[in-house]
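Here is the structure we will look at.
The values are calculated or read from the model by the stated rules, or taken from the named source; none is laboratory data. Fair warning: this is a prediction, and the values are worked out from it, not measured in the lab. Cβ: placed from backbone, ideal geometry, glycine included. Neighbour counts: every protein chain shown.
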2 protein chains.
Amino acid sequence: MAKIVIIGLGSGGFPASLAIRRTDPDAHITIIERRSYDMYSPCGMPFAIEGIISLDKLRFSLPEDKQTTKLLEHEAQSINPAEKSIAVKSLRTGEIITIQYDSLIIATGAQPLIPPIKGAKENLDKGVFTLHDLESAHRIMEYAGNSKRAVVVGAGPIGLEIAVALKERGLDVAVVEMLPYALPRALDKDMAKLVEQSLEDRQIKLIMKKMVSSINGPPVESVTVGEETIETDMVILAAGVKANIDLAKNAGIEIGRWGIKTNSRMETSIKGIYAVGDCIETVSLINHRPTVMQLSSAAYRQGIVAGTNAAGGYDTYEGALGTYVSLIGNLEVGATGFTGDFAESSGYMIISGKARGKNKPEYYPGSKDITVKIIADARTGRILGGQVVGEEGAGARINVISLAIKSGMGVYSLSQTEMAYCPMVAESYDVLNKAADFAVRKLEKGR
Amino acid sequence: MAKIVIIGLGSGGFPASLAIRRTDPDAHITIIERRSYDMYSPCGMPFAIEGIISLDKLRFSLPEDKQTTKLLEHEAQSINPAEKSIAVKSLRTGEIITIQYDSLIIATGAQPLIPPIKGAKENLDKGVFTLHDLESAHRIMEYAGNSKRAVVVGAGPIGLEIAVALKERGLDVAVVEMLPYALPRALDKDMAKLVEQSLEDRQIKLIMKKMVSSINGPPVESVTVGEETIETDMVILAAGVKANIDLAKNAGIEIGRWGIKTNSRMETSIKGIYAVGDCIETVSLINHRPTVMQLSSAAYRQGIVAGTNAAGGYDTYEGALGTYVSLIGNLEVGATGFTGDFAESSGYMIISGKARGKNKPEYYPGSKDITVKIIADARTGRILGGQVVGEEGAGARINVISLAIKSGMGVYSLSQTEMAYCPMVAESYDVLNKAADFAVRKLEKGR
């Protein structure tokens, strides 16, 4: 009977456990998790902070299984690949036990970066917060209840979702971003403008191309941004995350620039040890270069692949596109593949097609603006990326572009793709087809 | 200066006019249309009957253009290909004029089939109706206002949308369908059951595998269905449409089994004469055999292709999938490609994968059931069709499957496709991926 251990029960570890069970019904699975509860939905936390759903609802349980041992409130201390064993510490009792494995899946995730801001570490959890688990969400909600002003560091998806959430709770909110525009990993500047406009319409202050140099307190009373002092009661650090690699590194597993290195079967440099999710470095499905893609959907697929392989099956992970959607206020923001800027910095000559339209005919109830941008290789027309911003249907359209990139499709084929029409649901000629048409015309002009 | 004539201003003729203008800014365009108004949205009519939008809102105008002559209330009587001329009759004055063309686009559409039911023709527009233009929609609404009961003949999308509309207006409604289940061209029986259940929940009576043999009246007071007599005040015939081919046929243009024959440039058997939309026979994008696909989205693309070619450009239409969505009550119903039954009758050995899930996590506001079915070739895994039924997101997912079929993708690739996740918008592992996973497992078992 195979003994398979999973370290970390999240978007990678959970599907791994399902895939193991499917591949080998007899395998014994041990799951090691630091939390005192099974699972939760990290991406739901900003909406819980906003009050749309209760924080409790974000918790859910792994289905019970006699062949599975769950060690909650346990921490993997070290891996001994030679012995195929793990030293595991009970966070309740301090006791350390040794667990043997035939296969091991590392799904240790990532943790928030604490930027080198004076006063950040000192005031952590006392006016300065990161959002990284349910407890931290709870602390933010509690502190926000007694605060009038908040500064969010970082205009990525999580930073912006939290900014909206705190604004909706009645706080004055400012967002400080080092880079020149919002969502710089997902969007180009022209598309980011749509998001920025909507945030400004909500009276959220955006301070771009600036860094917070110090957080002043305790108690936190202001931040210094360049020459300016901004009064605030609390600071949320949403400046990205870093992969949790120490456990793997100390076991001698090869680490890349972004995280634990894996092959296409999600196996690390040590045979029988797999790694998935936010702790790994993956490859881009577009140019097959190493990249980091800390998204739940990617972790899920990686988990399936690792679980299948760890249990003696065969599956591969081809690489990540970074297909993503976020709800920022009333705007769905979707992106996949390369932004125009990133594509150019990766050596591509690009064209793009952009169209603004409605998700359904203007005269039907629920008709909303939607803007689609498609980025493609200027010589071949091959689609490299897509961005969609609108009140409804951005995620739906980004999935179509995601599949188009995956299949190696060019803009002409995308423009010809048959999209379903019904006035209550969609336009007769979708804005996505139109954006592709515009890209086709640029391609033809270039020839 | 090229003279281009378009006969019929609808989902095919309209984009043709845009494409002509784009390809040749100097071309003179003449549009011949029987209606007294520019354009309208036929697919919106059931929702106008229901009262969701006003019938007036379905009308809209072609943008003005000095180089375009619109002949409303005019009917093309005959085409003389040798002379490159058309005899056109003014429906207002009866006057007949001759119009010369360099290129001609036939977009004459289709008209409702009147099934050979005793009493159908005799009572037309007097208790028996078809829905084929705004005037007919108006007549149905008026008659329904004085009716208590309605029988709809045909359980296709239009029949079911009208059935729901009349039910919502307070009538008792029964639907009679010759075939064994609802939406037989779009769905397999198992998926149709979901739609039928929802209609039955609305107290709409479904009578399957039966034909109406006579409509009794005037005034219409009942229909005879087999042995049964069903009392009714009105009957809606929604038993399909037939292509308007007479004009083309009389001009000597080749006609196929389903409509006017065209090549991949949308050109008919006579050089310089193109045809698009509901009046043509097209080819299936899956097996490249002749088929009929009377959908607005297909017509739109065909219109672009014909317009571009008619104006001296070059574009091709690859064939149709029949990607479709409909809103039947509170259910979005989407379909693309072949149904399982149709695939089998076309010679394919098939597998299918079906998954039921939620459009977004269960604990988030707006979480709704959704069921996805994928049909694939049993030997190669190549996707042949998809069906999605749910309160929200069916159209969005059917577009992804549509693109997967177009790109020749197999179920394994579809299962690996990265779909965007955000709890407010989508599940972390989409039901579409799951359906593909199930199909993959059947494929593997078969090997």
## Note on the structure
Taking the stretch B:91-127 and keeping only residues that are free of Cβ contacts under 8 Å to residues at least 60 places away in the same chain, acidic (Asp, Glu) and farther than 27 Å from B:Ala299 by Cβ, one is left with B:Glu95
### Message
Can you confirm whether A:Glu362 is in contact with a Leu (Cβ under 7 Å, 6 or more places away or on another chain), more than 24 Å from A:Met349 (Cα to Cα), without any contact (Cβ under 8 Å) to a residue 40 or more places away in the chain and within 10 Å of chain B (Cβ to nearest Cβ)?
### Response
no
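For (1) away from chain A (no Cβ under 12 Å); (2) at pLDDT 95 or above; (3) under 19 Å from B:Thr108 (Cα atoms); (4) touching a Lys or Arg at 6+ places or on another chain (Cβ under 9 Å), each residue gets a yes or a no:
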residue: B:Glu281; (1), (2), (3), (4): yes, yes, yes, yes
residue: B:Ser296; (1), (2), (3), (4): no, no, yes, no
residue: B:Ala310; (1), (2), (3), (4): yes, yes, yes, no
residue: B:Tyr314; (1), (2), (3), (4): no, yes, no, yes
residue: B:Val325; (1), (2), (3), (4): no, yes, no, no
### Query
Does the stretch B:1-22 hold any residues that are within 14 Å of chain A (Cβ to nearest Cβ) and more than 15 Å from B:Ile105 (Cα to Cα), and which are they?
B:Arg22
### Task
Spot the failing condition for A:Arg382; the list is (1) of a type in the set (D, E, K, R); (2) in contact with a Ser or Thr (Cβ under 7 Å, 6 or more places away or on another chain); (3) without any contact (Cβ under 8 Å) to a residue 40 or more places away in the chain; (4) more than 8 Å from every other protein chain (Cβ to nearest Cβ), and only one is missed.
(2)
### Task
Report the residue count in the stretch B:386-411 for those that are among the aliphatic types (A, V, I, L, M) and part of a strand (DSSP E or B).
2
### Task
Those residues that are farther than 20 Å from A:Gly390 by Cβ and of a type in the set (Gly, Ala, Ser), I need them from the stretch A:136-188; list them, please.
A:Ser136, A:Ala137, A:Ala144, A:Gly145, A:Ser147, A:Ala150, A:Gly154, A:Gly159, A:Ala165, A:Gly170, A:Ala174
### Task
Output the residue which, of all residues in the stretch A:142-179 that are of a type in the set (A, V, I, L, M) and under 12 Å from A:Val212 (Cβ atoms), is surrounded by the fewest Cβ atoms within 10 Å (Cβ to Cβ).
A:Met178
#### Entry: Exclusive hit being surrounded by fewer than 23 Cβ atoms within 10 Å (Cβ to Cβ) and either modelled with pLDDT under 95 or not charged (D, E, K, R) (or both), set A:Ile405, A:Ile350, A:Ile398
A:Ile350
### Query
Which residues, taken from the stretch B:192-213, are within 20 Å of B:Asn330 (Cα to Cα) and in a loop (DSSP other than H, G, I, E, B)?
B:Arg202, B:Gln203, B:Ile204
### Message
For the stretch A:270-286, check the following and say yes or no: at least one residue is free of Cβ contacts under 8 Å to residues at least 12 places away in the same chain, touching a Pro at 6+ places or on another chain (Cβ under 9 Å), farther than 21 Å from A:Gly156 by Cβ and not in a helix (DSSP H, G or I).
### Response
yes
#### Entry: Considering residues of the stretch B:394-429 that are touching a residue at least 40 places away in the same chain (Cβ under 8 Å) and more than 7 Å from chain A (Cβ to nearest Cβ) only, the residue farthest from A:Ala306 (Cα to Cα)
B:Ala394
### Task
Can you work out which of the residues in the stretch A:378-388 that are more than 17 Å from A:Ala335 (Cα to Cα) and not β-branched (Val, Ile, Thr) is surrounded by the fewest Cβ atoms within 10 Å (Cβ to Cβ)?
A:Arg379
## Note on the structure
Matching residues in the stretch B:143-191 (small (Gly, Ala, Ser) and not in a loop (DSSP other than H, G, I, E, B)) number 7
### Task
Taking B:Glu391 as meeting all but one of (1) more than 20 Å from B:Tyr324 (Cα to Cα); (2) among the charged types (D, E, K, R); (3) within 13 Å of another protein chain (Cβ to nearest Cβ); (4) surrounded by fewer than 24 Cβ atoms within 10 Å (Cβ to Cβ), write down the number of the exception.
(1)
### Those residues of the stretch B:56-78 which are out of contact with any strand residue (DSSP E or B) (no Cβ under 9 Å at 6 or more places or on another chain) and surrounded by 13 or more Cβ atoms within 10 Å (Cβ to Cβ), in sequence order
B:Lys57
### Query
In this structure, is B:Phe47 out of contact with any Pro (no Cβ under 8 Å at 6 or more places or on another chain) and within 14 Å of another protein chain (Cβ to nearest Cβ)?
no
### Query
Hey, among the residues in the stretch B:327-342 that are touching an Asp or Glu at 6+ places or on another chain (Cβ under 8 Å) and buried (at least 21 other Cβ atoms within 10 Å of the Cβ), which one's nearest to the other protein chains (Cβ to nearest Cβ)?
B:Leu327
### Message
Conditions first: (1) away from chain B (no Cβ under 14 Å); (2) in contact (Cβ under 8 Å) with a residue 60 or more places away in the chain; (3) on the phi > 0 side of the Ramachandran plot; (4) over 21 Å from the mean Cα position of the chain (by Cα). A:Ala76 passes all but one, so which condition is the exception?
### Response
(3)
### Query
Quick check, is A:Glu444 crowded, with 24+ Cβ neighbours inside 10 Å, more than 9 Å from every other protein chain (Cβ to nearest Cβ) and out of contact with any Asp or Glu (no Cβ under 7 Å at 6 or more places or on another chain)?
no
## Note on the structure
Exactly one of A:Lys70, A:Lys66, A:Lys84 is touching a residue at least 60 places away in the same chain (Cβ under 8 Å), on the phi < 0 side of the Ramachandran plot and not small (Gly, Ala, Ser), and that one is A:Lys70
